[in-house]
Structures are given as structure tokens and as C-alpha cells.
Amino acid sequence: MNVPLLDLQAQYETVKDKIKPVIDEIFETQRFILGAHGVALEEEIARYCGVPYAIGVASGTDALLLSMKALGVGQGDAVITTPFTFFATAGAIVNLGARPIFVDIEAAGFEMDTEALSLFLKKECEYVPAARATVHTASNLTIKAILPVHLYGQCADMDEILAIADRFNLPVIEDACQAIGASYKGKKAGALGTFGCFSFFPSKNLGGAGDGGMVVTEDKELADRVRLLRGHGAHHRYYHDIVGFNSRLDELQAAVLRVKLPYLDGWAKMRLEHAVKYAEAFQSAGLLDDVTPPTILPGRSHIFHQYVIRAKRRDELQAFLKEAGIGCEVYYPVSLHEQACFRNLGYAAEDLPRSAAAAREVLALPVYPELTDEQRNRVVDRIAAFYFS
Ligand SMILES: Cc1ncc(COP(=O)(O)O)c(C=O)c1O
């Protein structure tokens, strides 16, 4: 029995009767950009997240880029994030001319370690009241924002991060690209910081039929700025107030996402059920010396965009599972502080040891909603075969 890591075809079967007519409708109207579906989706996502404003953009990467640009991030600035994330988190910072500063992840999960964040700001940065800015003393760069990542679908410790940010007068941008629908102490991911950024890449829990993204915020002025930035900075067509980007969420994406949004929480519940059953199965198979299942941290609801274990002899296990027809993947094999393109930042592997270790140990297993009990049992069975034979 083969078990894919993700089966989008299976999901499509459950929604295709609703998707086909709206796609047809869009082709009939030939309105592809900034139409009724885009506007409606923005309202629906804002309501879903419990915030007043949502702005559709072309991708999760652009959601990050436009949020940071709206906060004035640019040359001479730095943004604090973690290196254990998808490349786009740090790539967006660099593409604005700023520098990513990495703090390590926490021991229990994969999100930003708030002690490391606090220590870094206290020891290496100084708040300059006259400039109302926090400056990194060694580099003289201005810290413009903190960018925690809600990796795999679980929120970072936002109370702590927001409290630290407040002390240094810094905005917080949530990279919630993997976490739409997750919550932290009853509030939705994306609705906790100054900005929340979502990705609608097809494999995401809420995935489109191509690239797409969304920025959410409670701040009207910032929302207006992101809206301006996504359309080349023009208030009215051909009259440009600022230099922006071309980054709109197109109608086909918005329509597909509107069909899927009502299913999102139900899908997340099914993912969670798989996660619970995996953990039970690892325990009853006696695998807990070899495999560490993910932890749900206090105050959080996990949407299990990815179900990621830490595994002994990870690379061998991955090869064994692939050979056995079990889909599995390493997200991510290289911590960003060790990426070739970031050598200039001057990090050594041991500077961020938890991220470096995670990159050596993590393995994502199939957790999509349509996965059957039989398939999930097969995954566990093959993992047991690897360690016990
Ligand atoms: C953590 C994280 N940040 C940013 C992105 C970028 O999103 P997109 O692929 O939609 O540009 C992704 C998506 O893959 C992601 O997982």
C-alpha cells in the first residue's frame, strides 16, 4: 500500500462540484483581477480571523514583503526572526534591503524561543528614545520588527513575544503562512500581532489553485498602505503616491478559496485526530525511544499543517519509508543560518544549535484529512519495521 504525503486529488473530489461552477462563472464574466470574489474572500477571512481588515495578495511571500514594506523596513534595518522556517521568511527581509537577525527556536517546539529573543534585545540592542528606535549596537542597524513563524500550524508564544516587543516599541508580524485557523489563547493566528500573513499555496490547509496570500491587520492605516502597495502604490489608476508592487490575489484563486474556507476547521479537526492517533500508535508500538511526536504547547490549538516527528537516524528512516512507498519529507533540511546565500551574515552552525539539530532530526509524515486509518497504520507499521528489524 502506497501512502502519499499529501493527496490533493482526494480533497478535490470532495469540493469539485462546487468549484467547477464558480470557475465557469469567472470565465463567463472575464473578470480576473480585483472582482467580487476577491472582495468577498477578504471579508470572509477578516471575519474568520476576527480582525477588521484583510488584503489579498499574490502569495505568502508577498504578504510578508508588503507587511514589512508598509512598516518602512528597508536599507539599514534588521528584522528578528528564526532560522528554522521556509526560506521566504528571511528572503522577504533581504529583498527589502534589510538584514535578518536569527534567534533560536524553543526546546519544546519549533517556534521562536522567547528567552533567546529577550536576551538578544537586552544584551545586544539599545532603545534610542530620541529616534524612537531600537538599534543593534554592533551593526548599527535599526530593528524594525519581530517576525515569529507559526511553524507547521502551531503558534509561537505570542503573549511573551508581544510583551517583549512592547518593551522595545517593535511591531510584530506573524508569519502565519502555515497556520491559518490555528489559535493562541482563543485568538486566531494572524490576529495577534500588528500584521498576520497567510499563504494559499496549493498544499496549505487552505490551498488555492496556484499562488495566493493574504495580509490581516487591525490597523486601518496599515491596511490602507498594504492595499496601496499591492497595486503599484496608486490611489487612482495611473496616479502613484508611492512605489509599490503588482501583487493581487486573482479571482480564480479567491473563488476556489471561498469554496474551501467553510471546510477549513473540519479539515483541521481531521488532521488533529490523525496526530492524536499517531502519538498513541507510536507509544503502543514502543517507538518513543526512537521517534518524538510533536507536542501541542499550552494555550494553543494546532492545525497540523504538517505532522513532524523528530527521529533517530532520520535520513535512513526517510530513505526506508520512501522505498516502502510512504510519502515523507524534511521541512527543512538546512537551517537558514547555514544556507549558502546567508554566509555573509556570519553565523556558525553552533550559534543556533536547536535549529541546526531540528534540521537534522525532523521528518513530516502524511496527515492530510482524507488519510485513512489503514494508511496511517501502515505508516506506523513501516516505521516500526525500520527500528525493530
Ligand atoms: C513559513 C512560511 N513562510 C512563508 C511562505 C511563503 O508563502 P508562498 O509560498 O505563498 O509565497 C511559506 C509557504 O510556503 C511558509 O511555509
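The values are calculated or read from the model by the stated rules, or taken from the named source; none is laboratory data. Note that this is a predicted model, so its numbers are computed, not measured. For neighbour counting, all protein chains shown are included, and Cβ atoms are generated from backbone atoms with ideal geometry for every residue, glycine included. Surface accessibility is based on the protein's heavy atoms, side chains included, excluding ligands, DNA and RNA. Shrake-Rupley method; radii C 1.70, N 1.55, O 1.52, S 1.80 Å.
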### Message
Shape verdict for the chain, please, from the Cα gyration tensor: rounded (a/c under 1.5), prolate (a/b greater than b/c) or oblate.
### Response
oblate
### Query
Using a 1.4 angstrom probe with every protein chain in place, what is the largest-first accessible-area order of Tyr184, Tyr332?
Tyr332, Tyr184
### Query
Roughly how much of Lys322 is accessible, in Å² to the nearest 10, using a 1.4 Å probe?
100
### Message
I want to check a number: in segment 209-342, how many lysine pairs have alpha carbons closer than 29 Å, given a sequence separation of 8 or more or different chains?
### Response
9
### Message
Could you sort the peptides 91-98, 217-224 by per-residue average Cβ neighbour count (10 Å cutoff), highest mean leading?
### Response
91-98, 217-224
### Exposure of His235 as accessible area (Å², to 10), given a probe of 1.4 Å and all protein chains
130
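Taking K and R as +1 and D and E as -1, what net charge do the other residues with C-beta under 15 Å from the C-beta of Tyr53 add up to?
Net of charged neighbours comes to -2.
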### Query
Sorted by accessible area (1.4 Å probe), largest first, how do Thr134, Thr61 line up?
Thr61, Thr134
### Message
Rolling a 1.4 angstrom probe over the protein chains, ignoring ligands and nucleic acids, what is the accessible area of Cys49 in square angstrom, nearest 10?
### Response
10
#### Entry: Part-to-part distance (alpha-carbon centres) for segment 63-77 and segment 160-238, which is given in Å
13
### Message
Among Phe84, Phe304, Phe201, which one shows the highest mean-square fluctuation when the chain is modelled as a Gaussian network with alpha-carbon springs under 10 Å?
### Response
Phe201
### Restricting segment 194-259 to chymotrypsin sites (Phe, Trp or Tyr not before Pro) in coil, as DSSP defines it, with at most 11 other Cβ within 10 Å
Tyr238
### Query
What number comes out for the charge environment of Val15, summing +1 per Lys or Arg and -1 per Asp or Glu over other residues with Cβ under 14 Å away?
+1
### Query
Which sequence of Leu65, Leu252 reflects their accessible areas, 1.4 Å probe, from the largest down?
Leu252, Leu65
